[in-house]
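The block underneath contains the structure these notes are about, expressed in structure tokens.
Derivation of every value follows stated rules applied to the coordinates shown; laboratory data play no part. As the structure is a computational prediction, the values presented were derived from the model and not from experiment. Using ideal geometry, Cβ is built from the backbone for each residue, glycine included, and neighbour counts are taken over all protein chains shown.
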Amino acid sequence: MQENGRPIGAVKFWFYLQNTIFKIESVVDSRCQPVEDYVNKTRGGDKHVLQNWDALQMRLSNADYALALEYGGGTIDAGFVRISP
């Protein structure tokens, strides 16, 4: 993930078509250091499991971001936005 052309982090996940869920394996910052400050903002609960259309909120580079994952029509789409300064 980037902001203004600058890498700020990455999320590694697995998609399971049968259940239409995404399992978060890891979140790292721009130095590839593990980040644990993230939550399933849509449903709460297990931060490692997102249902279709759920949003993962994370803290990277002193700001909060949301990553929404969705599956439909054979394609996985991701929306990534900054939600705080």
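Site pair ALA10 and GLN33 shows an inter-label distance of 1.7 nm when each label is modelled 7 Å from Cα along Cα→Cβ. Springs join every pair of Cα atoms under 10 Å in this Gaussian network model of the chain, and among THR42, THR20, THR75 the largest mean-square fluctuation is at THR75.
Labels on offer are (i) 56, 24, 15; (ii) 35, 26, 22; (iii) 55, 29, 20, and the one holding Cα extents along the principal axes in Å computed from this structure is (ii). Relative contact order, percent, of the chain when contacts are C-alpha pairs under 8 Å separated by at least 6 residues? Averaging sequence separation for qualifying contacts and normalising by length gives 19 percent for the chain. For region 45-85 and region 7-42, what is the separation of their C-alpha centers, rounded to whole Å? Between the Cα centres of region 45-85 and region 7-42 lies a distance of 8 Å. Mean-square fluctuations from a GNM of the chain, with a 10 angstrom spring cutoff on Cα atoms, peak among LYS12, LYS47, LYS23 at LYS12. Close amide-amide hydrogen proximity is noted between ASP54 and LEU69, each under 5 Å apart and 5 or more residues distant or on a separate chain (H modeled in the peptide plane; Pro and chain starts excluded).
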